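Written out below as structure tokens is the structure these notes cover.
Each reported figure results from applying straightforward, stated rules to the coordinates on display, with no laboratory input. It should be emphasised that the depicted structure is a prediction, and the values quoted were computed from it without experimental measurement. Here the Cβ positions follow ideal geometry from the backbone for every residue, glycine too, while neighbour counts run over all protein chains shown.
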Amino acid sequence: MRYIVGIDVGGTNVVVGVVAEDGSEAVGVVSEPTLPEQGPDAVVERIVKLARASMAKAKGREIAGVGIGSPGPLDTKSGVVLLTPNLGWTNMPLRDRIAQALDLPATLDNDANCAIFGEWWRGAARGVDHVVGLTIGTGIGGGIILGGKIYHGASDVAGELGHMTINANGRRCKCGNDGCLEAYASGPAIAARAVEGIEAGAETALPQYVRGDLSKLTAQVIYEAANDGDPYALEVVRETAVLLGAGVANIVNIFNPQVVVICGGVTLAGDKLFVPLVREVERRAFKPAVDVCRILPGSLPGTAGVYGAAAVFIQRTWGRV
């Protein structure tokens, strides 16, 4: 059995694991903060260090290559990350730098593509042909799987679903546009909206969760407070569900998928998010499309991108998954 090093580079954390070519296991999973403020060279060094640590934990297994998932846009053929709003990279030859450091062949794809491909291969979306997914974390990414293959579009930019406009004159996004879904429903955006409400006088116990330091308020803290029954936290989660529901309804109408899978920390909100989200999609999308579509949380928390990055290498190198 051959194994692939799967590398998931996120805006907040880098996760690395060694994945069996049949997807039966991921071993030696390790993670560290990305710390993009230290610069691209430091991040690459950290990725390489983690990959070596993961391979050391997978001792005795035959390592055939490396699959890398990175925020984009990027060029999958040249292995270059063209631009990353959340990491600050421009024209970074990430694939070749990691391949040379590890002395292994490597592939590169968008991190969200990889996460959704992983969920299609071994997770919540197994067994269907048409899958679209969102990854919600530091930003919002997306992936489109058609007939068991990632759809890249004409220039590798397909799937940037977090940058669909849901409010033409809305909040400024890090990409430079106004009103992107990411500007409303990414982890930092959810926290920012909550802080704005608190500063405007909303009655809530949220400040107590962060000892009065609102700069430490995160989406995860808001989900925790919502699950504890805080009315304002519940309001923020419901508003997030409506915003996400508008985006997912667009996806359902455009792609008519069998599954929309939603990955990332947002799944911690559970039914308090998913029930109103599904209701909003049902309200907005065409009924024949809604009737065949399941909206599911990802089932590979923390490792979907690792599985998917490995699967990209397997498909491109050996022509199958």
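Quick notes on this structure:
- Cα-centre dipole for the range 1-124 with unit charges at Cβ (Lys and Arg positive, Asp and Glu negative), debye to 20: 280 debye
- Computed 3J(HN,Hα) for the range 205-221, one whole-Hz value per residue from the Karplus formula 6.51 cos²θ - 1.76 cosθ + 1.60 where θ = phi - 60°, is 8, 3, x, 5, 5, 10, 6, x, 9, 5, 5, 9, 6, 10, 4, 4, 5, glycine and proline marked x.
- Partner lysines whose Cα lies under 28 Å from the Cα of Lys59, excluding those fewer than 8 positions away in the same chain, are identified as Lys49.
- Working note: Karplus 6.51/-1.76/1.60 with θ = phi - 60° gives the range 33-42 the couplings x, 6, 6, x, 5, 7, x, x, 4, 5 Hz, where Gly and Pro are set to x.
- Proxy reagent accessibility, fewest Cβ within 10 Å first, across Thr90, Thr107, Thr12: Thr90, Thr12, Thr107
- Restricting the range 277-321 to trypsin sites (Lys or Arg not before Pro) that sit in a DSSP loop and have at most 11 other Cβ atoms within 10 Å of their own Cβ leaves Arg320.
- Rounded if a/c under 1.5, otherwise prolate or oblate - the range 75-183, Cα gyration tensor axes: oblate
- Residues whose amide H falls under 5 Å from that of Val321, counting only those 5 or more places apart or on a different chain, are absent, with hydrogens built in the peptide plane.
- Remark: the range 175-189, residue by residue, has Karplus-estimated 3J(HN,Hα) of 6, x, 8, 10, x, 5, 3, 4, 6, 10, 10, 6, x, x, 5 Hz, where x stands for each Gly or Pro and the curve is 6.51 cos²θ - 1.76 cosθ + 1.60 at θ = phi - 60°.
- Counted residue by residue at 0.36 nm each, then reduced by the alpha carbon distance between them, the extension gain from Asn256 to Val27 reaches 78.9 nm.
- Spatially proximal lysines relative to Lys149 (Cα-Cα < 20 Å; intrachain offsets below 8 disregarded): Lys77
- Model label points for Glu203 and Arg283, set 7 angstrom from Cα along the Cα-to-Cβ axis, are 2.5 nm apart.
- Nonlocal amide H pairs with Leu74, under 5 Å, H built at 1.01 Å: Leu82
- Backbone N within the range 259-279 under 16 Å of label point (7 Å from Val242 Cα along the Cβ vector): 273-279
- Cα gyration tensor shape of the range 1-159, rounded if a/c is under 1.5, else prolate or oblate by comparing a/b with b/c: oblate
- Spatial extent of the range 245-305: Rg and Dmax, with the Cα atoms as the point set, Å: 11.6, 33
- Candidates Gly265, Gly69, Gly305, ranked by Gaussian network fluctuation over the chain, Cα under 10 Å, top entry: Gly265
- Of interest is the spacing of the C-alpha centroids, which for the range 192-267 and the range 268-321 amounts to 19 Å.
- Over the chain, the reciprocal of the mean inverse Cα-Cα separation, the Kirkwood hydrodynamic radius, stands at 19.8 Å.
- The range 248-301: chymotrypsin sites (Phe, Trp or Tyr not before Pro) in DSSP loop, at most 13 other beta carbons within 10 Å: Phe286
- FRET efficiency for the Arg316 to Asp178 pair, using the beta carbon distance and R₀ = 45 Å, is estimated at 0.80.
- Label point distance in nm, Ala53-Glu235, each placed 7 Å from Cα along Cα→Cβ: 4.2 nm
- All-pairs Cα distance distribution in the range 107-169, expressed in whole percent, bin size 10 Å: 23, 52, 21, 3
- Placing R0 at 41 angstrom, the Cβ-Cβ distance between Val292 and Ala42 gives a FRET efficiency of 0.30 after rounding to 0.05.
- Each of Tyr232, Val252, Ile262 was placed along the dipole of the range 208-301 (beta-carbon charges, centred on the mean Cα), and the one lying farthest toward the positive end is Val252.
- Straight-distance candidates among the aspartates and glutamates for linking to Lys287, with alpha-carbon spacing under 15 Å and chain neighbours fewer than 8 residues away dropped, are absent.
- Computed log10 I(q)/I(0) for the range 156-225 at 0.12, 0.16, 0.18 Å⁻¹: -0.38, -0.61, -0.72, from the Debye equation with unit scatterers placed on every C-alpha and solvent omitted.
- 5 angstrom amide H check on Ala106, placed H, neighbours 5+ away: Val66
- Cα gyration tensor shape for the range 126-297, rounded if a/c is under 1.5, else prolate or oblate: prolate
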